[in-house]
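Encoded as structure tokens, the structure appears first; notes follow it.
The values are calculated or read from the model by the stated rules, or taken from the named source; none is laboratory data. Worth saying up front: this structure is predicted, and the values here are computed from it rather than measured. Please note: Cβ atoms are built from the backbone with ideal geometry, for glycine as well, and neighbour counts cover all protein chains shown. With ligands, DNA and RNA removed, areas are computed over all heavy atoms of the protein, side chains included. Shrake-Rupley method; radii C 1.70, N 1.55, O 1.52, S 1.80 Å.
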Amino acid sequence: MKNKPLFYKIYFSVIAVFLVLLIIGLFVLNSVLKVYEAAQPKAIMDEIVTEYLQKGNFYGAIIEYNIPISPYESKKDMDVAFDEIIGDKKLTVASSGKKLEGYTEVYNIKADNETILTFYLKKAAKGGKFGIKGYEVGVAEFDSSVCKKYEIHVPSNVKLTVNGVEVKKEERINNELPKILTDKIGNKEVVALQTVKLENLISNKPVVMAYSADGKEVEVVENNGVFTVAQGMDAAELEALKTHALNASQGYAKFMQEDASLGSISHFFDTSTEFYKYVRKTELWVWTHTGYRFEDVTFGEAHKYTDNLYSCRVTFTHILTWGNKVYKDYFDKYVFIEKTANGLKVIDMQTPNSK
């Protein structure tokens with residue numbers, strides 16, 4: 001009888017220790033499960049939504065996940081843009097069918113039904129708490145429907161800014177010139193025509209400003225996402241270039257449809273060039289017609305490389321009619337012109353993106 005109290009003491013002590021260990025084990029297991037769940041792709045994405053986007057900390061998400069952005073947008077610009085993109089829309093997370101080598105999980109963040117961000121995740125290289133290897137974001141990017149792209153055509157001798165930020169020299173790419181122009185330029189000092197591509201902008205249309213060497217503001221014209229910086233050419237010189245380019249282009253179009261002889265338009269061209277020789281030998285493919293007219297005629301992107309070498313862009317719709325039938329031929333070319341002792345002469349014509 002005297003041994004029973006000691007037996008029960010040991011018995012209940014063992015039970016107590018077991019219960020304590022059980023509680024500790026359950027607590028640790030619960031902690032492990034929470035860490036495991038938090039390290040899974042869906043949980044990571046939900047946290048991005050709740051901790052960044054829903055709290056309005058859009059720029060924080062950009063910095064944390066290294067989302068590509070334009071150097072021409074400030075934090076304020078992007079915050080305003082995100083407010084407009086999201087508004088009162090419901091933010092949700094959904095798996096994506098997109099693929100990127102090295103990443104096993106891809107998720108989209110949507111505002112209502114519109115994808116605004118895509119995140120690519122992979123297994124973490126190192127284990128985290130409790131040695132659990134969860135997932136981590138490797139690549140994040142705005143959806144193409146959110147990003148806006150623009151292009152700027154600018155002379156090399158002007159200063160250029162976008163949203164108040166000066167465009168770096170390395171981002172101003174000299175346009176490739178046709179061989180005839182490079183041959184004629186030789187070692188002369190030239191004002192190059194450059195292209196700047198703006199990408200990853202999410203705010204509204206950028207403010208593009210240009211300034212001459214003496215600090216005067218230069219005209220900038222925007223058309224369908226392409227900004228063209230004027231060169232400040234003399235008005236009479238520009239008008240003469242415009243008249244010649246339009247007459248030569250329309251004359252070329254008429255010749256190609258046998259509405260003009262080559263002899264009647266040859267004075268617009270330098271007849272010694274490869275371009276003119278090509279035109280002369282071209283086998284014409286003519287639409288049967290009894291009348292024609294030109295509509296939607298435009299002249300733009302005028303540029304002066306040297307004192308006597310120019311380029312511009314001419315577009316128009318060549319309407320050919322035959323009774324009630326109408327055929328439309330669309331003309332869009334860069335026209336290269338040289339000022340000679342015999343006046344302005346076209347030395348080449350090229351379709352955009354073919355130079």
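Hydropathy at least 0.5 by Kyte-Doolittle, axial extent at least 30 angstrom from the Cα trace: which helices of the chain, defined as entire DSSP H runs, fit?
Going by DSSP H runs, the hits are 4-38.
Per residue, the chain exposes 59 Å² of accessible surface when a 1.4 Å probe is rolled over the protein heavy atoms with every protein chain present.
With all protein chains in place and a 1.4 Å probe, the accessible surface of the chain carries 52 percent carbon and sulfur.
Protection proxy ranking for 254-260, 85-91, using the average of other Cβ atoms within 10 Å per residue and placing the highest first: 254-260, 85-91.
Computed FRET efficiency, Cβ-Cβ of GLU151 and VAL191, R0 22 Å: what is it to the nearest 0.05? Each step should come with its number before you reach the end.
On the way: r = 19 Å, r/R0 = 0.86.
After rounding, the FRET efficiency stands at 0.70.
Charge dipole (Cα centre; +1 on Lys/Arg Cβ, -1 on Asp/Glu Cβ; no other charges) of the chain amounts to roughly 1880 debye. Okay, which of segment 162-199 sit inside 20 Å, backbone N to the point 7 Å along the Cα-Cβ direction of LYS76? The answer is 162-167.
Just need the relative contact order of the chain here, percent rounded to a whole number, with Cα pairs under 8 Å and 6+ apart.
Values: 551 pairs, mean separation 39.8, N = 355.
Reported as a whole number, the value is 11 percent.
Between LEU181, LEU284, LEU262, the GNM of the chain built on Cα springs shorter than 10 angstrom shows LEU284 fluctuating the most.
Annotation for segment 198-242 versus segment 49-105: alpha-carbon center distance of 32 Å.
Determine the alpha carbon to alpha carbon distance for each of LYS168/LYS205; LYS168/LYS304; LYS76/LYS197; LYS277/LYS339; LYS42/LYS205; LYS55/LYS197 and list only those over 26 Å. Each step should come with its number before you reach the end.
Values: LYS168/LYS205 20 Å; LYS168/LYS304 23 Å; LYS76/LYS197 22 Å; LYS277/LYS339 20 Å; LYS42/LYS205 34 Å; LYS55/LYS197 33 Å.
The answer is LYS42/LYS205; LYS55/LYS197.
Each label was represented as a point 7 Å from its Cα along the Cα-to-Cβ direction; for TYR327 and SER266 these points are 2.7 nm apart. Comparing ASN163, GLY186, PHE142 along the charge dipole axis of segment 139-191, the residue lying farthest to the positive side is GLY186, per the Cβ-charge model. Across q = 0.17 Å⁻¹, segment 75-201 modelled as identical point scatterers on its alpha-carbon atoms has Debye log10 I(q)/I(0) values of -0.99, in the order of the q list.
Taking 7 Å steps out from each Cα toward its Cβ at THR306 and GLU239 produces label points 2.8 nm apart. Spin-label pair LYS168-THR298: with each label point 7 Å from Cα along the Cα-Cβ axis, the two points sit 3.2 nm from one another.
Among [x] -0.29, -0.38, -1.37; [y] -0.54, -0.64, -1.19; [z] -0.44, -0.55, -1.15, only one was calculated for this model; which label is it, if the read-out is log10 I(q)/I(0) by the Debye sum over Cα atoms at q = 0.07, 0.08, 0.15 Å⁻¹? Checking each listed value against the structure points to [y].
Each of LEU344, ILE69, PHE255 was scored by the projection of its Cα onto the charge dipole of the chain, and the greatest displacement toward the positive side belongs to ILE69; charges sit on the C-beta of Lys, Arg, Asp and Glu.
Each peptide in 235-242, 98-105, 156-163 gets a packing score, the mean of other Cβ atoms within 10 Å over its residues, and the list from highest to lowest is 156-163, 235-242, 98-105. Highest mobility in the GNM of the chain, judged by mean-square fluctuation with C-alpha springs under 10 Å and restricted to SER311, SER272, SER144, is found for SER272.
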